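Student: One structure is given below, represented as structure tokens, and several questions about it will come after.
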Amino acid sequence: MEHPATLRMRLALEMFEAGVTLMRQNLRRRNPGLGEAEIEVLLGRWLQDRPGAEFGDSAGVPCSLPRGRA
């Protein structure tokens, strides 16, 4: 039996892979004239730039880490 933290990590990685697969399909649909190499370039840019989530996926104010303790 796997440790619960291991299961959560496995699930997170599977969800990440599913998201990448969906975005790759989306890029193919949006750019039907592009080859696989060009799609992979666009996918890499999307993974690095994250339009709409430039500062991460969570709510709140971006900050530098590590933050000092008061």
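Student: Rounding to the nearest 20 debye, state how big the charge dipole of the chain is about its Cα centre with +1 on each Lys and Arg Cβ and -1 on each Asp and Glu Cβ.
Tutor: 220 debye
Student: I've got another one for you. Projected area of the chain, taken from the Cα convex hull and averaged over every viewing direction, in nm²?
Tutor: Result: a mean projected hull area of 7.8 nm².
FYI, it's all coordinate maths here, none of it is from the lab. Source: prediction; values computed, not measured. We place every Cβ from the backbone using ideal geometry, glycine too, and count neighbours over all the protein chains shown.
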